[in-house]
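Below is one structure, written out as structure tokens, with a few remarks after it.
What follows is calculated from the coordinates using simple rules that are stated; it is not laboratory data. Since the model is a prediction, treat every value here as computed from it, not as a measurement. Glycine gets a Cβ as well: all are built from the backbone with ideal geometry, and neighbour counts include every protein chain shown.
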Amino acid sequence: MPSVGDILEGKDICICAGSGGVGKTTTSAAIATGMAARGLRVCVLTIDPAKRLADSLGLEQLGNEAKRVDPSMFEAHGLEMEGELWAMMLDAKATFDDLVARQAPDEESRDRVLGNRIYQQISSALAGSQEYMAMEKLFELHTEGRFDLLVLDTPPTRNALDFLDAPRRLTQFIEGRSLRVFMRPTGLAARVAGRGAAVALSVLKRIVGFDLIADLAEFFNAFSGMVEGFQARAKRVNKLLADRRTCFLVVCGPQGEPVDEAVYFHRKLVEAKLPFGGVIVNKVHYPAERLRRQADGLDLPSALAARLGDEDLAGRVVENFADYQALAERDAANIERLARELRSKGVIRVPYLDEDVHDIAGLTEINRYLFASSEERRALAAELGGG
Amino acid sequence: MGRRFSCPKAKLLGIAPIPEMLDKRLVFVTGKGGVGKTTIAVALGLRAASEGKRTIVCEVSAQENASRIFDHTQVGFHEVEMEENLWAISIDPDESMREYVLLQLKVRAMRDMLFRSRIFNYLAAATPGLKELVTIGKIWELAQLDRKVKQGRKYDLVIVDAPATGHGIGFLQTPRTFAAIARVGPIHSQAQQLDRLITDEAHTGTAIVALPEEMPVNETAALEHDLRSEVGVSVDRIYMNGLYPQRFSNEEAERLAGLAEGENGAIRAAARAAVSEHDRARSQRAQLARLRRRVEAPVRTLPFLFEPELGVESARRIAARLA
């Protein structure tokens with residue numbers, strides 16, 4: 001089993017992907033911390049960290065710009081920071097506005113777009129723009145070249161495909177190429193496209209109303225001077241994502257459903273020819289085999305009752321232990337299935353810790369597992385197994 | 001046709017009072033990913049069905065979590081009967097769009113012509129939020145007593161397993177966003193109609209599912225706030241899911257910690273598992289208290305189920321505990 005340190009060797013970008021509720025934000029922060037401790041200049045782009053995590057990293061007053069995390073925070077937890085950890089919270093709307101400002105040929109075009117009602121809605125409220133802007137910001141930071149490694153905590157999407165598909169969907173919308181052609185009723189293109197298109201447009205107007213079509217036309221007109229810039233940029237973003245110095249890490253939980261989603265995400269990454277690095281399984285109850293072996297040949301209820309001098313308490317301890325083992329067995333079976341599906345050994349397990357992770361001490365604790373060598377991992381497993 | 005399950009009504013009745021929310025026509029079950037929304041949506045459906053309400057549970061992402069609970073019955077874009085009084089549907093946005101356009105145009109040939117045109121496919125695929133809008137449109141249609149689709153079944157209650165709130169309130173906000181984009185015209189009035197449905201407290205309820213951990217608690221409080229201030233929805237219930245039992249007292253936990261120190265093998269492992277669970281149960285209670293301080297809606301708790309995979313029987317056990 002490799003460690004995150006091995007997987008990210010020589011990488012510029014690490015993208016943590018996965019469905020919501022699996023600890024992606026915390027994992028991203030832990031990876032960035034671990035790599036910075038190893039001497040790199042790392043920036044983690046996060047979406048919505050838990051307040052206590054943000055506070056403990058000194059991020060509460062962060063805007064859309066990277067800010068260095070005070071190294072003394074780590075020293076207090078006995079973590080020697082050889083490199084630098086920077087962090088930023090992504091503001092999708094501000095990133096979009098910046099992008100428009102950069103692409104606009106002049107101030108007037110910029111203001112026309114920023115003032116457009118449809119733009120204001122899609123840049124802040126509608127699904128897809130956040131995913132796209134996360135990648136955009138990643139691209140911007142990478143181009144600037146200020147950091148050795150960028151770690152992106154992706155926005156929680158309903159499913160993996162939404163994330164990978166978002167830039168394409170949004171740029172297509174902004175391009176509005178086919179629509180703009182049809183919008184000019186007397187244009188050459190409309191004549192070439194023929195009557196069928198004209199009929200389709202009239203049917204469409206009947207459904208969505210003339211005003212919306214007109215507003216969309218205004219939106220596309222406002223964007224027209226920037227379309228090529230956007231397209232070129234999207235192409236470069238996609239190229240960056242597929243680069244061999246980029247690495248996708250899939251984060252999931254040990255239950256059946258998150259594992260299914262991780263398998264699905266892995267398949268999609270492979271199909272899209274994007275560089276897959278490994279899977280991190282959080283909150284694992286383990287290791288079942290070891291616990292089961294240790295319980296063999298021992299009358300646990302009697303032994304516990306004898307030690308505790310309390311049969312009722314011993315009974316509850318046994319019951320609790322059985323519940324725990326059932327979960328540990330489930331996790332082991334799901335992880336085995338995951339490893340089989342992935343045909344790789346890139347499955348890294350992080351145990352279900354007794355405390356919620358929301359501070360530097362917690363990140364350090366997680367990193368013992370994320371960055372453990374095979375040897376250290378065996379020792380940790382033994383520790384967890386109670387041996 | 002879905003597989004049928006026995007419906008032990010007697011087992012459900014009289015265990016916990018039925019949540020009054022189930023007397024509404026439409027209930028959205030929302031919350032962040034991985035908190036157990038689907039199980040609770042199905043449990044609410046089982047509960048309502050056992051009370052004699054004709055109920056349909058709607059899955060809106062394409063992942064078919066509900067059918068997973070129902071023993072992998074293929075649900076799809078059809079209303080499938082799961083048990084007595086209980087149906088399920090997986091709302092596919094593309095299918096919803098076809099249905100919607102047909103209802104608008106009334107002529108199948110015209111619809112098919114539109115779907116073949118490049119301009120339409122481009123707009124349908126590229127317009128952000130359109131999928132969510134037509135999905136909510138289909139939910140609206142299901143909740144009508146006078147169904148728009150031919151031979152539509154009438155339901156007393158529609159329960160929606162809403163998509164995970166990625167960033168805030170996206171899904172439920174879609175109609176409002178669209179009503180703002182299209183100032184006038186058919187899309188505007190229909191989006192407004194959907195927004196009115198979502199914000200109609202008398203007929204539409206919302207439940208948030210939370211977990212007793214730091215981040216889910218923060219997000220639940222933020223979600224309740226945003227639903228109220230930005231969508232105009234007040235939350236009926238917050239279900240704090242996955243609460244561990246408090247099996248040990250503090251004093252017992254201390255003794256067990258001492259035992260773990262001095263032992264090896266299974267005894268040590270069992271004692272440590274007990275101490276771990278005690279710590280987690282305590283930290284969960286602290287999170288529960290924190291949630292209660294931060295939200296306005298009543299908070300109800302649901303137990304953690306020590307089961308490898310949650311199936312229909314798990315949902316049934318939860319159903320009995322819903323209040």
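Applying a threshold of 29 Å to the alpha-carbon distances of A:LYS268/B:LYS131; A:LYS93/B:LYS24; A:LYS137/B:LYS131 flags A:LYS93/B:LYS24 as lying beyond it. Which angle from 0 to 90°, rounded to the nearest 10, does the C-alpha axis of helix B:170-181 make with the longest principal axis of chain B? The angle comes out near 30 degrees. Against the main long axis of the alpha-carbon atoms of chain B, helix B:312-321 sits at an angle near 80°. Between B:VAL107 and B:GLU313, the C-beta separation translates, for a Förster distance of 56 Å, into a calculated FRET efficiency of about 0.75. Relative to the first principal axis of the alpha-carbon coordinates of chain B, what is the inclination of helix B:250-262, with its axis defined by its Cα atoms, in degrees from 0 to 90 and to the nearest 10? Roughly 70 degrees between the two axes. Which percent of the Cα-Cα distances in chain B go past 29 Å? Tail of P(r) above 29 Å: 42 percent of Cα pairs. Applied to the stretch A:142-152, the Karplus parametrisation 6.51 cos²θ - 1.76 cosθ + 1.60 on θ = phi - 60° returns per-residue 3J(HN,Hα) values of 5, 5, 5, x, 7, 10, 6, 9, 10, 10, 9 Hz, with x for Gly and Pro.
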